[in-house]
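The values are calculated or read from the model by the stated rules, or taken from the named source; none is laboratory data. Just so it is clear, the model here is predicted, and its values are computed rather than measured. When we count neighbours, we look across all protein chains shown, and the Cβ atoms used for this are built from the backbone with ideal geometry, even at glycine.
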Amino acid sequence: MLYEFKAGLNEYLAGLGDDAPVASLADVIAYNEVHAEREMPFFGQEILIEAEGKGPLAETAYQTARGTANRLSREEGLDAALEEHRLDAILGPSGGPAWVTDLVHGDHFSVGSSGAAAVAGYPNVTVPAGHVHGLPVGVSFFGAAWSEPTLIRIALAFEQATKHRRPPRFRARVDEV
């Protein structure tokens, strides 16, 4: 992920043109260091620095890891499960309810199902699935490569049958949930 993050961000920033304030991940890191008090009052940039330390996507370490990830998430993962159980899609929780930013302990991820599809590069459609203590939660439908039309039909049917979609309500405080 760090290799791809660096490569993708560098490509995007380079494409912004000469008037852009930064042109690379290294520029972002340098900018943040100069403006640390404003840009990083609560958290550092450890992930950015770690990504900057990675080489190009042609590097052997990346190519080996990418190949292993593809095999495990595709042929031995999702493709195998879909074929063995004759499934059109797999359903899983998109994530747990939203959480308040915790400046001491950081994020509080509780559950999620999109990792395998993301690693495989396979489609994943998320729709509302209700609320937990007033906070929205969703479900994700994911399937094999190029299964977007099927996933969209399944997700639409779920959404229409459950009627869980509600407009968001923005509250000033957590205790207003």
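The single condition among (1) surrounded by 11 or more Cβ atoms within 10 Å (Cβ to Cβ); (2) of a type outside the set (Lys, Arg); (3) touching a helix residue (DSSP H, G or I) at 6+ places or on another chain (Cβ under 7 Å); (4) farther than 25 Å from Lys6 by Cβ that Val111 does not meet is (3).
Ala120 - would you say it is closer than 16 Å to Ala80 by Cα and buried (at least 21 other Cβ atoms within 10 Å of the Cβ)? So Ala120 fits the description; yes. Scanning the stretch 1-52 for residues that are modelled with pLDDT under 95 and among the basic types (Lys, Arg) yields nothing.
Can you list the helices (runs of 4 or more DSSP H) found entirely within the stretch 67-162 that contain at least 3 residues being closer than 30 Å to Ile47 by Cα and not assigned by TED's automatic domain parsing to the domain that holds Glu46? If you could, list the steps in order and put the result at the bottom.
Values: elements: 79-84, 115-120, 148-162.
Here the list reads 115-120.
Anything in the stretch 74-108 that is loosely packed, with under 11 Cβ neighbours inside 10 Å and aliphatic (A, V, I, L, M)? List them, or say none. Within the stretch 74-108, Val100, Leu103, Val104 qualify.
When the stretch 108-127 is filtered for residues that are of a type in the set (Val, Ile, Thr) and closer than 11 Å to Phe141 by Cβ, the ones remaining, listed by number, are Val125, Thr126, Val127.
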